[in-house]
Amino acid sequence: MDKLSGEKIILAIESSCDETGCAIIKGDTLIANAVSTQIEIHQKYGGVMPEIASRLHLENVLVVINEALVKANITLDDLDAIAVTRGPGLIGALHVGLQAAKTLAFVLGIPLIPVHHLCGHIYANEYTNQLKFPLLAVVVSGGNTELVYMKDNLQFEIIGETKDDAIGESFDKVARVLGLPYPGGVAIDKLSKLGQHTYKLPMPMHDGTLNFSYSGLKTAVINMVHTAEQNGAKVDINNMAKSFQDVAVGEIIDRVKRATSKYKFKQIVLAGGVSANSYLRSEIVDTYKGSDIQVIIPPIWCTTDNAAMIAKVGSYLYKEKVFAPLTLGVDPSWKIEDYRKF
Ligand code: KG4
């Protein structure tokens with residue numbers, strides 16, 4: 001029935017890190033979104049254990065696919081295509097989602113659509129706001145820190161990126177040395193509201209470009225904590241959280257300001273796990289209050305990994321017939337600019 005009505009039904013799978021997701025989109029409407037999170041299990045280890053993540057994806061992928069089909073009240077025969085995260089992410093974790101997607105596409109005889117994880121994070125915003133181009137996508141996550149210039153729909157140019165650690169990775173490592181639970185960004189965000197910026201941390205690299213560097217900042221915090229421990233002194237965790245967060249987020253605001261002085265944008269769009277950070281959100285909104293650039297902030301449910309965002313990109317790629325052969329492999333370090341190359 002739906003096949004004749006012209007509204008295509010796409011099932012999407014996401015398994016790039018520690019959430020196994022399956023979502024179903026019909027035309028532009030999300031009709032199911034199922035997520036199985038592994039966070040509690042990885043918390044025991046203070047971070048994501050790649051091997052455990054892969055095994056849990058294997059256990060859960062069919063569970064979430066079934067849950068999504070039941071929620072959408074459809075069967076596999078109703079599907080027109082399968083979209084799947086092909087990268088970037090953890091190699092073993094990506095493999096599980098891709099093998100499930102290839103199997104479905106093969107058995108059902110329908111197209112396989114490879115989706116770039118970070119395109120997903122950017123387009124997740126479309127569930128609440130219409131994207132207007134040209135825009136600046138500020139992609140801040142556990143594995144990536146990128147400023148992406150989007151001249152038009154599905155056009156991506158990286159104009160700035162981290163030269164070492166991602167911002168989320170530095171939040172997680174700083175949190176770990178402070179004895180806070182994974183994911184560290186959530187804990188630092190919370191505790192920094194109780195602290196003051198009292199620790200003098202070094203400003204990260206400024207080379208006049210739009211690039212970032214977070215490893216020096218992270219190491220400075222780790223060294224301060226270790227030195228304090230060796231001297232029998234106590235680090236004030238709330239103040240350290242606030243001092244670190246101010247500098248880490250300040251870097252994003254600085255590069256965004258530079259980008260907006262160099263390029264013309266209609267919107268600034270936040271994307272990725274770190275876009276949940278309350279200080280980043282308020283700083284970026286305050287910075288552009290009253291300007292003609294609209295700031296788009298994703299709803300919190302879109303900041304964590306999910307398959308709804310993969311389904312959204314999948315629906316665009318379906319229209320452009322971006323289909324992959326069943327020999328497709330994953331790419332853990334796939335560049336957003338190469339999202340059509342696989
Ligand atoms: O997008 P995501 O799942 O990572 C990748 O796909 O690479 O984001 C996870 C990252 C973690 O580093 C986590 O600490 C961070 O997002 N994060 C936050 C907050 N919530 C999550 N960082 C700062 N403030 C938050 N509120």
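The values are calculated or read from the model by the stated rules, or taken from the named source; none is laboratory data. Everything numeric here is computed off the predicted structure, so don't read it as measured data. Here the Cβ is made from the backbone with ideal geometry for all residues, glycine too, and neighbour counts use every protein chain on show. In case anyone asks, the SASA skips ligands and DNA or RNA and just uses the protein heavy atoms, side chains included. Shrake-Rupley method; radii C 1.70, N 1.55, O 1.52, S 1.80 Å.
If the condition is being near the ligand (Cβ under 8 Å from one of its atoms) and hydroxyl-bearing (Ser, Thr, Tyr), then the stretch 169-185 contributes only Tyr182. Inclusion of Ala271 among residues that are buried (at least 19 other Cβ atoms within 10 Å of the Cβ), of a type in the set (A, V, I, L, M) and within 12 Å of the ligand (Cβ to nearest atom) is warranted.
Among the conditions (1) over 18 Å from the mean Cα position of the chain (by Cα); (2) at pLDDT 95 or above, Pro181 misses just one, which is (2). The residue that is farthest from the ligand (Cβ to nearest atom), among those in the stretch 134-168 that are in contact with a strand residue (DSSP E or B) (Cβ under 6 Å, 6 or more places away or on another chain) and not in a strand (DSSP E or B), is Phe156. Restricting attention to the stretch 163-178 and to residues that are open to solvent by 30 Å² or more (accessible area, probe 1.4 Å) and within 17 Å of the chain's Cα centre (by Cα), the residue that is farthest from Lys335 (Cα to Cα) turns out to be Asp172.
For Ile188, state whether it is in contact (Cβ under 8 Å) with a residue 40 or more places away in the chain, in contact with a Lys or Arg (Cβ under 9 Å, 6 or more places away or on another chain) and open to solvent by 20 Å² or more (accessible area, probe 1.4 Å). Taking the combined requirement at face value, the residue does not satisfy it. The set of residues from the stretch 142-166 being among the polar types (S, T, N, Q) and modelled with pLDDT of 95 or more comprises Thr145, Asn153, Gln155, Thr162.
Selection of first residues in the stretch 206-227 that are without any contact (Cβ under 8 Å) to a residue 40 or more places away in the chain and of second residues that are open to solvent by less than 10 Å² (accessible area, probe 1.4 Å) and part of a helix (DSSP H, G or I), restricted to Cβ pairs under 8 Å at least 6 apart or on distinct chains, gives the following pairs, ordered by first then second residue: Met224/Met240. Within the stretch 19-47, the set of residues being surrounded by fewer than 16 Cβ atoms within 10 Å (Cβ to Cβ), within 16 Å of the ligand (Cβ to nearest atom) and over 19 Å from Ala307 (Cβ atoms) comprises Glu40, Ile41, Gln43, Tyr45.
Residues that are part of a loop (DSSP other than H, G, I, E, B), at pLDDT below 95 and either touching an Asp or Glu at 6+ places or on another chain (Cβ under 7 Å) or open to solvent by 70 Å² or more (accessible area, probe 1.4 Å) (or both) within the stretch 285-332 comprise Thr304, Asp305, listed in sequence order.
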